[in-house]
Amino acid sequence: MPSRTLLQQALSLAQQAVLLDQESQFADALVVYQTTVGLLEKVMDRVEAGERRRRERGQSTSGGAGEEEGRTLRGIVRCFHT
């Protein structure tokens, strides 16, 4: 499954989790949040692997959209792990 599709799926799940939270269905919301974090971690792994491959080929990875997405995803996942 493409990374963009995983990101869209994670966003949809996060929205569902928020709705469950608002309805005081906390146990269900937690499960959905955890699934969301798992999807985000998969995307992060892919982004980081792509950056590694580019570095190994001697290509620049600085300033690219992928690098920015990776930083954003790491920040989001860190919030869920604290």
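Structure above, values below:
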{"item": "Residue-wise HN-Hα coupling along segment 40-52, computed from phi with Karplus coefficients 6.51, -1.76, 1.60 (Hz; x: Gly, Pro)", "result": "4, 5, 4, 5, 4, 4, 5, 4, 5, 5, x, 4, 4"}
{"item": "Spin-label pair GLN9/VAL77, simplified geometry with 7 Å Cα→Cβ offset, distance in nm", "result": "1.6 nm"}
{"item": "Packing-based order for 3-12, 48-57, using average beta carbon neighbours within 10 Å, highest first", "result": "3-12, 48-57"}
{"item": "Ranked by how many other beta carbons lie within 10 Å on average, peptides 32-39, 71-78 from highest", "result": "32-39, 71-78"}
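Bear in mind that the values in this text are calculations on the coordinates, not laboratory data. All figures in this text were calculated on a predicted structure; none of them were measured in a lab. Here Cβ is always computed from backbone atoms with ideal geometry, including for glycine, and neighbour counts include all displayed protein chains.
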